[in-house]
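The structure appears below as structure tokens.
The values are calculated or read from the model by the stated rules, or taken from the named source; none is laboratory data. These numbers come from a predicted model, not from an experiment. Here the Cβ is made from the backbone with ideal geometry for all residues, glycine too, and neighbour counts use every protein chain on show. SASA here: full protein model, heavy atoms, side chains in, ligands and nucleic acids out. Shrake-Rupley method; radii C 1.70, N 1.55, O 1.52, S 1.80 Å.
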Amino acid sequence: MENIAVRRAVREDCPRLLELILELAEFERAPQEVTVTPEHFEDSGFGTHPVWWAFVVTVDGHVEGFALYYIRYSTWKGQLLYLEDILVTRGMRGKGLGTLLFERLLEEVKDRGFSGMVWQVLDWNETAINFYKKYSAGFDAGWINCSLNFS
């Protein structure tokens, strides 16, 4: 691993990002839940009114991980960065790439003046939980996730 870089995702990264999203869904035991089309995904990130942004980590020019986020508004705290997904490919885990992505997100929070960053982690994903504990992340056991699906 000679050439490691973290950069903003560009439109041309979308096919690779979707591959990684499917890898994440398989890890989370829910590949059938990925229903977004490539066109919708790309337009949502790089169309006229983008609703998500991402950073990618590359090794020798190949995307090996990503962190996708959007802006969440809290009536108590103001604007926060909501980390939707972060993933490093299976073969590249444990090499510090996730740390590079996460720390780039923390820079983004500071650069954009957000009041913080929020995300979710599966309760069985001990590796991720331990990673976040290194940053003194708070874990909110008192909330229940709710959702409605229209597709």
query = With all protein chains present, how much of the accessible area of the chain (probe radius 1.4 Å) comes from carbon and sulfur, to the nearest whole percent?
reply = 52
Ranked order, 136, 44 - accessible area, probe 1.4 Å, largest first = 136, 44
ask   = List the chymotrypsin sites (Phe, Trp or Tyr not before Pro) in segment 40-140 that DSSP assigns to loop (not H, G, I, E or B) and whose Cβ has at most 10 other Cβ atoms within 10 Å. Which are they?
value = 76, 124, 139
query = How many angstrom separate the Cα center of segment 87-151 from the Cα center of segment 37-73?
reply = 16
request  = At 1.4 Å probe size, with every protein chain present, just tell me what the per residue accessible area of the chain comes to in Å².
outcome  = 66
query = In nm, to one decimal, how far is the modelled label at residue 104 from the one at residue 71, with both set 7 Å along Cα→Cβ?
reply = 2.1
Spin-label model distance (nm) - residue 84 vs residue 60, 7 Å beyond Cα toward Cβ = 3.1
note = Distance in nm between residue 150 and residue 124 label points, each 7 Å along Cα→Cβ, equals 3.2
task = Can you list which of the trypsin sites (Lys or Arg not before Pro) found in segment 52-124 are DSSP loop residues with at most 13 other C-beta atoms within 10 Å?
result = 77, 112
